[in-house]
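Step one of this worksheet: look at the structure below.
The values are calculated or read from the model by the stated rules, or taken from the named source; none is laboratory data. Not measured: the values here are computed from a predicted model. Glycine also receives a Cβ, built like all others from the backbone with ideal geometry; neighbour counts cover every protein chain displayed. Accessible surface areas use protein heavy atoms only, side chains included; no ligands, DNA or RNA. Shrake-Rupley method; radii C 1.70, N 1.55, O 1.52, S 1.80 Å.
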Amino acid sequence: MTDPTAPVVPVGSMSTGVQPVLGLASGFELRPWERDDAEVLVESCLDPEVQHWNRPGYLSLDEAREKISRWRRRWEAEEAAIWAISRPDGGTPVGLIGLADIDLRSGGAEILYWLLPAGRGHGAMTDAAVRISRWALDELGLHRLRITHSVGNPASCRVATKAGFPLEGTMRSALLHSDGWHDEHLHARVRGDR
């Protein structure tokens, strides 16, 4: 069966190039994770906020290195784009932001993020979410981005709203956390939103 609808973003739009480094107005930058960042990834799993809201589990140093390698492979496969939030010129990461569940054919993806205490309170995450959405919608050519978070996580709700992702609704009992099932907010932004 032939699908008469052309892909929103052509195959090869990510894999034929390198993952870009993106500057942020807050003084941070977004850059691909490097093997040497593995210790920060291990540390992130020990942060109670990151662990509770993002459920990364606990990683050994070798597992963190493999996860970073997997992120590179997922860029090449055009399935995800994961950046470290850091100070420019190779600074130590203070957070993560990325696009997961990329579907070039349908033109959609989900933004995910977390910050360590050293990155909190500087506006870095809102700045990063705005920059990633501009890259994904305006440069890559996706049509729709979504952010989901537990209704019990008001910090994520503020980031989504400030970054131009209006609340579309609540998904009941949508995600299992360590303290039980959580309702989740669904925020979205589409190309052309400002």
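Determine, yes or no, whether VAL40 is under 18 Å from the mean Cα position of the chain (by Cα), at pLDDT 95 or above, surrounded by 13 or more Cβ atoms within 10 Å (Cβ to Cβ) and of a type in the set (Val, Ile, Thr). For VAL40, the condition - under 18 Å from the mean Cα position of the chain (by Cα), at pLDDT 95 or above, surrounded by 13 or more Cβ atoms within 10 Å (Cβ to Cβ) and of a type in the set (Val, Ile, Thr) - is met. If you check LEU59 against the conditions, is it open to solvent by 10 Å² or more (accessible area, probe 1.4 Å), part of a strand (DSSP E or B) and either over 19 Å from ARG191 (Cβ atoms) or modelled with pLDDT under 95 (or both)? It is false that LEU59 is open to solvent by 10 Å² or more (accessible area, probe 1.4 Å), part of a strand (DSSP E or B) and either over 19 Å from ARG191 (Cβ atoms) or modelled with pLDDT under 95 (or both). Once segment 35-55 is narrowed to residues that are part of a loop (DSSP other than H, G, I, E, B) and touching a residue at least 40 places away in the same chain (Cβ under 8 Å), the residue that is nearest to GLY141 (Cα to Cα) is ARG55.
Of everything in segment 177-186, what is at pLDDT 95 or above and either exposed (fewer than 10 other Cβ atoms within 10 Å of the Cβ) or not acidic (Asp, Glu) (or both)? Give them in sequence order. The answer is TRP181, HIS182, HIS185, LEU186. Within the set GLU63, GLU110, GLU43, the sole residue that is among the acidic types (Asp, Glu) and in contact with a strand residue (DSSP E or B) (Cβ under 6 Å, 6 or more places away or on another chain) turns out to be GLU110. Scan segment 5-17 and give yes if some residue there is open to solvent by less than 20 Å² (accessible area, probe 1.4 Å), assigned to a loop (DSSP other than H, G, I, E, B) and either of a type in the set (Asp, Glu) or at pLDDT below 95 (or both), otherwise no. No, segment 5-17 contains no residue that is open to solvent by less than 20 Å² (accessible area, probe 1.4 Å), assigned to a loop (DSSP other than H, G, I, E, B) and either of a type in the set (Asp, Glu) or at pLDDT below 95 (or both). Residue count for segment 103-131 under the criterion of being outside any helix (DSSP H, G or I) and open to solvent by 20 Å² or more (accessible area, probe 1.4 Å): the result is 12. Of the residues making up segment 132-176, those that are surrounded by 18 or more Cβ atoms within 10 Å (Cβ to Cβ) and assigned to a loop (DSSP other than H, G, I, E, B) number 4.
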